[in-house]
Amino acid sequence: MSIILNKVNYVYSAGTAYEIQALKNVNLKIEDGEFIGVIGHTGSGKSTLIQHLNGLMRATSGGIYYNGEDIYDKDYDMRGLRSKVGLVFQYPEHQLFETTIFDDVCFGPLNQGLSKKEAGVRAFEALNCVGLSEELYYQSPFDLSGGQKRRVAIAGVLAMKPEMIILDEPTAGLDPKGRDEILDQIAKMHKERGITVVLVSHSMEDVAKYVGRIIVMNQGEVMFDDTPNGVFRHYRELEAVGLAAPAVTYLLHELSERGLPVGTEATTVETAKKEILKMLASLEKR
Amino acid sequence: MIRDITIGQYYPANSPVHRLDPRVKLLGTLIYIISLFVFKGFAAFVLAAIFLVAAIKISRVPFSYMVKGLKAIVVLMVITGLFNLFLTQGTPWVSFWVFTVTYEGAENAALMLIRLAFLIIGTSLMTLTTTPNQLTDGLEKSLHPLSKIGVPVHEIAMMMSIALRFIPILIEETDKIMKAQMARGADFESGNIFRKAKAMIPLLVPLFVSAFRRANDLAMAMEARCYNGGTGRTKMKPLCYKRQDYIAYAVLFLYLAAMIALRFVWTYLSALFGW
Amino acid sequence: MGIIKARKLVHEYIRRDEEGNVESIQTALDRVDLDVKAGEFIAILGHNGSGKSTLAKHINAILEPGEGSLWVDGYDVSDDANIWNVRQSAGMVFQNPDNQIIASVVEEDVGFGPENIGVPTDEIWQRVEDSLRAVGMLKYRTHSPNKLSGGQKQRVAIAGVMAMQPKCIVLDEPTAMLDPNGRKEVLKAVHKLNKEKGVTILLITHYMEEVVDADKVYVMDKGRVVMQGTPREIFSKVDELKSYRLDVPQITLLAHELRREGLAIPEGVLTRAELMEAIERICQSY
């Protein structure tokens, strides 16, 4: 199972003075069970890209294939695709509308045509999965804190049992603990359920800590598509387009430039610590 | 469809019409609309057309913009035209099946269509050449005397300008919520009218919640910047008439005078020749 | 006396049911003491719901103290007669850039505050120009705010406050909704105002990187000030910060972890250069 993008282009307001090419010749293959980070500054095309993955936006040219099927085929079940590829927008708590949390999470499954009972089971599972305590289930979603609301909104998409979930900056505006809680929950879900996760983020530190592969978008094009180490090796090129590597990667590079025998392939505090300790151990031996 | 409505849109340019005081343009539009409905006769329409074309030329707004405004009300125009065409009593002209078109009906329909077209183009010309802020300023100042009898003129103007600022934001927000709900399988298109209305709930509730939140935030931000109603306020861009505005008033007066004169000449001529 | 002085400031949000009986009382501020000298750059850290925004709203007289006292620029905020003086002395910038811009043209928005306090027309123009220049937005003066980026909108909001010539600006999570570049822009503008115009700054945030250059940091939790000191003092207590749902910048965390491994690295390392130096020193000792 996979999703393949073949030479996808997208042009906003084609034929007018405001014409903008938001996606340029994008080729991608996302395999089942991957944990992918998408980075790029505002306007780099990352939001446009993820909306193509579940068919909310339609490519101006090029093809998208989900499990080998052309999603632009006129017989293709587009609504079915939307429940297979779940998309959690930025500030998803703004879409909550039901009188209770439980009912709100049921909205997706009911739209899929499930019975009330089945939808309820799904909602229960999803809310459990995002770690919301049970006594809150029948409260109004509007009484929750920001972090809790966000989790309800994520549960609303999870309840549709998607094979792949895309999250557009799920931690925007949350405090550090809230941020870690959400990201840990997502990582756990990926590990336990084997669901494919695409995480759009501005935080290089977060991306480096969780994902296995990073796609860097710049001016509508895929600039890099590699492992975190592989991408952040190009920290100079990233800087040139207004992005940066995690702070620890810079530190290691600077240490190495000063002639210290340190490995520079680290993007998290954990791995950087290991590299530095390894270097000190090797110095000690000498 | 919504994008076709040119009333309320601004076309940035630096023309004499753009530079006029908004009060002049407001009064001018009012006079023009009244003139369209009060005066009859071929000559009056020719004069009204000349006036409009001249104003458009001076404004440097492309003519296509004006016509675009007409597109939005084309249905309204067709209906008005048909009503006048078929429902006016008088001398029959042509008739088919159960319909009869009278001479008077044809004349009324033609008149009505011309009036509507001129009205829309004239009003669009004002809004295309005046920023929403100037417009509300102009309204506030023109209606200021009403505040003496307790009409909250300043507040109304302030609400209008804030509404204008937030319309694009709310449109964008609607789009975002709609997409978010579609990602959860919502269907806004299919079904009969009742199903469609029900499908709007997941869109409308979040939209209202968000609008209230924004209103609350905005009120707080305004208070924090010492907003305390209209009293004691000064203006960054106070309205004051310049030479060009007096000239414009004179032109308007001449137009009105010419219209009145034409009316008398027309009545005199009709009586003379028995039209 | 400093520009802001709070003594045992208490604020409670009281929720009542339909009959007007008290349903719950939530203490948002609990005996807060605060002393800010003119010209200082103060940062207030705290997780969502820690009471930091409630504190900010008191300084601008949007909320009234329940108990205790608060003076801003010598004015007692509890006295209704002082409200306008307080608001003029202490300007406020809010979190959502869209919800605080009132006018449809940048320069008219900046002029809104001066209009409200009855500044003569010629002087308004002068102030608008000066304020927009101070935040680097002068060339956008005739633009519509809708076309600006988040960081630019926030700078316009700051200019709008500056045009009222306040002695102090309170910024309530001004960067929470911005991308990394927008955050940088806003912080640069705020630091510039502090240094060049001597405006006292109270920056409320939960981004740890933003407080590194502050003169003094307050940490809030459950309505109380639980820590205060220089950034170095605060960041040397990594575990305590974590217990308040906060974290430390990646470099500080790496230094902390290395220290735990027994390396001779001082606590409270704030910058890459400092950590580099410490590691180099260790290497030379071998």
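The values are calculated or read from the model by the stated rules, or taken from the named source; none is laboratory data. All of these numbers come straight from a predicted model, not from anything done at the bench. For neighbour counting, all protein chains shown are included, and Cβ atoms are generated from backbone atoms with ideal geometry for every residue, glycine included. Heavy atoms of the whole protein, side chains included, go into the accessibility calculation; ligands, DNA and RNA do not. Shrake-Rupley method; radii C 1.70, N 1.55, O 1.52, S 1.80 Å.
Details
- Only helices enter the 222 nm calculation for chain C: every DSSP H run of n ≥ 4 contributes -39,500 (n - 2.57), and dividing by all residues gives -11000 deg cm²/dmol, rounded to 500.
- Cross-link table A:209/C:37; A:149/C:188; B:25/B:71, entries beyond 29 Å C-alpha to C-alpha: A:209/C:37; A:149/C:188
- Each part reduced to its alpha carbon centroid, region A:201-280 and region A:1-75 end up 26 Å apart.
- 1.4 Å probe, heavy atoms, protein only - residues of region C:265-286 losing at least 40 Å² accessible area vs chain alone: C:272, C:276, C:279, C:280, C:283, C:286
- Legend: Rg and Dmax of the protein assembly as shown, from Cα coordinates, 32.1, 123 Å.
- Averaged over its residues, chain C has an accessible area of 41 Å² per residue, based on protein heavy atoms and a 1.4 Å probe.
- Per-residue ellipticity at 222 nm, computed for chain A from helices alone with -39500 (n - 2.57) per DSSP H run of at least four residues, works out to -12500 deg cm²/dmol.
- Reducing region C:88-111 and region B:191-211 to their Cα centroids gives an inter-centroid distance of 32 Å.
- Part-to-part distance (alpha-carbon centres) for region B:128-148 and region C:38-54, which is given in Å: 42
- Region B:241-274: trypsin sites (Lys or Arg not before Pro) in DSSP coil with no more than 13 other Cβ atoms inside 10 Å: B:242
- Computed over protein heavy atoms with a 1.4 Å probe, the carbon and sulfur contribution to the accessible area of region C:146-286 reaches 46%.
- In region C:77-111, burial by the other protein chains removes 40 Å² or more of 1.4 Å probe accessible surface, compared with the chain on its own, from C:84, C:87, C:94, C:98, C:99, C:102, C:104, C:108.
- Using a probe of 1.4 angstrom and keeping all protein chains present, the accessible surface of region B:155-239 works out to 53 square angstrom per residue.
- C versus A: buried accessible surface, summed, Å² (probe 1.4 Å, to nearest 100): 3000
- Taking the 1.4 Å solvent-accessible surface of region C:84-132 as the whole, the part contributed by carbon and sulfur is 42%.
- Proximal lysines to residue A:24, defined as alpha-carbon separation beneath 28 angstrom and excluding residues fewer than eight positions away on the same chain: A:7, A:46, A:74, A:84, B:176, B:179, C:147
- Above-threshold pairs, the threshold being 25 Å between Cα atoms, out of A:116/A:161; B:237/C:192; A:117/B:198: B:237/C:192
- Solvent-accessible area assigned to carbon and sulfur over region B:37-128 amounts to 75 percent, based on a 1.4 Å probe.
- Between B and C, accessible area buried - total, square angstrom, nearest 100, 1.4 angstrom probe: 3000
- Interface size B-A, as summed buried accessible area [1.4 Å probe, Å², nearest 100]: 1600
- Burial of accessible area (probe 1.4 Å, heavy atoms of protein chains only) in region A:65-99, relative to its chain alone, reaches at least 30 Å² for A:79, A:82, A:89, A:91, A:94, A:95, A:97.
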